[in-house]
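Comments concern the structure below.
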There are 2 protein chains.
Amino acid sequence: MTPSNQPINEFLEKTRRTVNEHLEAITESIKGPKTLLDAMEYSVKAGGKRVRPILLLATLDAFEESLAIGLDVACAIELVHTYSLIHDDLPAMDDDDLRRGRPTNHKVFGEATAILAGDALLTYSFELIASFKNEHVPDDIKVELIRQFAHASGAAGMVGGQSEDLIAENKASLSVEELEAIHYKKTGKLIIFSVVAGALLARANTEQKTNLEQFAYHLGIAFQIRDDILDIEGDIETIGKPVGSDDMNEKSTYPKLLSLEGAKQKLLEHSEKAIHFLENANINHERLVQIARYIINRDN
Amino acid sequence: MTPSNQPINEFLEKTRRTVNEHLEAITESIKGPKTLLDAMEYSVKAGGKRVRPILLLATLDAFEESLAIGLDVACAIELVHTYSLIHDDLPAMDDDDLRRGRPTNHKVFGEATAILAGDALLTYSFELIASFKNEHVPDDIKVELIRQFAHASGAAGMVGGQSEDLIAENKASLSVEELEAIHYKKTGKLIIFSVVAGALLARANTEQKTNLEQFAYHLGIAFQIRDDILDIEGDIETIGKPVGSDDMNEKSTYPKLLSLEGAKQKLLEHSEKAIHFLENANINHERLVQIARYIINRDN
């Protein structure tokens, strides 16, 4: 779809458009009762940076593979990310009224439908991987993708991280290690899977996979630190939620535990490590380096 | 595991014990934070009739296949059934305090953990199918199982049915056709999948599959009618929830739309149709006939 030598902004814009179009086609193809489909579509179309699909597709680009072979898996990951936001926003969880500058799903459709819309998006993500047809993606790769995808998303990954995060909110303060362990599960594992899925689809060798996993591990931490910094320094119009909301919720964040300067220093360290592993992966890594720099320096 | 000529009660008891032991081993093997795992285990171990796993295993029995090749898929279906009960019981949905005679998941663990426990059980069901190893279950069968499993469980199936059921509660009364359409999605499709999964694992031919699908379709309706009748005639100790709760909730049921006698007549008609299709399936159908009779005549 996209040649490797495109300027990064053009690549991001074009890839995001491709992902959004494909997500739209996918949600339109899902069968079900109208209210439920409306609620699913509302959150899928709410936009967002599409970081995870972009990471998967940029990994394919690094192996000089056609991005088309990864589009369905990339969208499946975005569906799981979307469902997790719907459930996290529920009154019983983070009780958020706004998401990306718009009312949260349960504010528009009610709690019951929001829970079901999340359930249906999660379920459909697996149907999507199991049903797309591509001659370059044989069934053994699909089974391995589904296995690792579910592992990254479930009790041992994202859902487990959200559970730990809720418990941590009742604690006075976390150590940096505890905070990192929660984020590793809650957001890190799905970010790592996005890169690993690209590597699996491209039949990466063990050395390439190991380096890419390490790259994504450090990128995931950097991503979260940047998020915490944006909550202090960001602009409400740009980030789509009230600045300082972590502080009001008394959440443990990197700036709170390390000071703002300390957090920025840590962000730099993990960025450098991420890029170091990329350079060792023996792939055409320039595009991924650009994506990493974009994620680390983003203003929303 | 079990020879076909065992008495039905012995088969049911032994199969249920095998399923329960395997479910226990599975839940113990899942990694994650303790609170979350405790909540998942609480509902998985709450018991129940294990109708779906038994249907899958009895279908394998009808093809004279080893039941062992279907045990993981059977348990995956039970995990999805369990998650659906946890989410259905939530205050935003049916708001139930009791399930199988014990406090519902959110009553014990709180709403947030109950939502997450459901999410994690759903996610793990796909990991389970993708990760079990059996030389008789190649990857193309696994991919097809996952595709049909997700389809039966998601917006087009179980989740969609629950969504329609919630909307129907605000309506004055449903027609029998409307009621049947909701149950077909909410419970029918997963019951059908349980039988179809057995047929897929046993490499059934098209004629066998079509007849088994029709069998399971009618069995699913009969199952639901029996449920509605038990809500009127059942014994609270045996069914584990207050008798007459459908009536108090003003839910549309078969006895309400057809009278108790009319519902019993309809139950008989669908039972006979179910058994008719079984007899046409050209398989060793005796065990499945027994299971069908057990489901239709059960007292809990």
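The values are calculated or read from the model by the stated rules, or taken from the named source; none is laboratory data. Computed from a predicted model, the values in this text were never measured in an experiment. Neighbour counts are summed over all protein chains in view; Cβ atoms, including those assigned to glycine, are modelled from backbone coordinates with ideal geometry.
Brief remarks on what is shown
- Single residue of the range B:95-143 satisfying the filter (in a loop (DSSP other than H, G, I, E, B) and free of Cβ contacts under 8 Å to residues at least 40 places away in the same chain) that is farthest from the other protein chains (Cβ to nearest Cβ): B:Asp97
- Filter pass, A:Ser252 being of a type in the set (S, T, N, Q), modelled with pLDDT under 95, at negative phi and buried (at least 20 other Cβ atoms within 10 Å of the Cβ): yes
- So A:Val108, is it among the β-branched types (Val, Ile, Thr), modelled with pLDDT of 95 or more and under 17 Å from A:Leu190 (Cβ atoms): no
- Condition met for A:Asp247 (modelled with pLDDT under 75 and in a helix (DSSP H, G or I)): yes
- For the range A:44-66, a tally of residues being of a type in the set (Lys, Arg) and within 20 Å of A:Ala281 (Cβ to Cβ) returns 1.
- Whether a residue is of a type in the set (A, V, I, L, M, F, W, C), under 20 Å from A:Ala150 (Cα atoms), in contact with a helix residue (DSSP H, G or I) (Cβ under 7 Å, 6 or more places away or on another chain) and away from every other protein chain (no Cβ under 14 Å) was assessed, and A:Ile8 does not pass this test.
- Of all residues in the range A:166-191 being in a loop (DSSP other than H, G, I, E, B) and either at the interface with chain B (Cβ under 9 Å from one of its Cβ atoms) or not hydrophobic (A, V, I, L, M, F, W, C) (or both), the one that is farthest from A:Lys266 (Cα to Cα): A:Asn170
- Every condition in (1) buried (at least 21 other Cβ atoms within 10 Å of the Cβ); (2) modelled with pLDDT of 95 or more holds for A:Asn280 except the one numbered (1).
- Tally of residues being free of Cβ contacts under 8 Å to residues at least 40 places away in the same chain and of a type outside the set (Ser, Thr, Tyr) across the range A:179-200: 6
- In the range B:146-155, of all residues being surrounded by fewer than 24 Cβ atoms within 10 Å (Cβ to Cβ) and either in contact (Cβ under 8 Å) with a residue 24 or more places away in the chain or in contact with a Gly (Cβ under 8 Å, 6 or more places away or on another chain) (or both), the one that is farthest from the other protein chains (Cβ to nearest Cβ) corresponds to B:Gln148.
- Boolean, A:Phe132 is over 23 Å from B:Ile129 (Cα atoms), of a type in the set (Phe, Trp, Tyr) and out of contact with any Leu (no Cβ under 7 Å at 6 or more places or on another chain): no
- Residue within the range A:26-38 that is at pLDDT 95 or above, surrounded by fewer than 22 Cβ atoms within 10 Å (Cβ to Cβ) and among the small types (Gly, Ala, Ser) present: yes
- Reported count of residues in the range B:62-98, each being within 21 Å of the chain's Cα centre (by Cα) and under 23 Å from B:Ala25 (Cα atoms), is 20.
- Hits in the range A:259-277 - residues which are farther than 20 Å from A:Ala204 by Cα and buried (at least 18 other Cβ atoms within 10 Å of the Cβ): A:Ala263, A:Lys266, A:Leu267, A:His270, A:Ser271
- Pairs are defined by a Cβ separation below 9 Å, a sequence spacing of at least 6 or placement on different chains, a first member in the range B:201-227 that is over 21 Å from B:Leu268 (Cβ atoms), and a second member that is basic (Lys, Arg); no pair meets this definition.
Every residue, every condition in (1) in a helix (DSSP H, G or I); (2) within 14 Å of chain A (Cβ to nearest Cβ); (3) touching a residue at least 24 places away in the same chain (Cβ under 8 Å), yes or no:
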residue	(1), (2), (3)
B:Leu23	yes, no, yes
B:Lys31	no, yes, no
B:Leu37	yes, yes, no
B:Ser43	yes, yes, yes
B:Arg52	yes, no, yes
B:Leu56	yes, no, yes
B:Asp61	yes, no, yes
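- Criterion: surrounded by 24 or more Cβ atoms within 10 Å (Cβ to Cβ), part of a helix (DSSP H, G or I), in contact with a Leu (Cβ under 7 Å, 6 or more places away or on another chain) and more than 12 Å from every other protein chain (Cβ to nearest Cβ) - qualifying residue of B:Ser163, B:Ser194: B:Ser194
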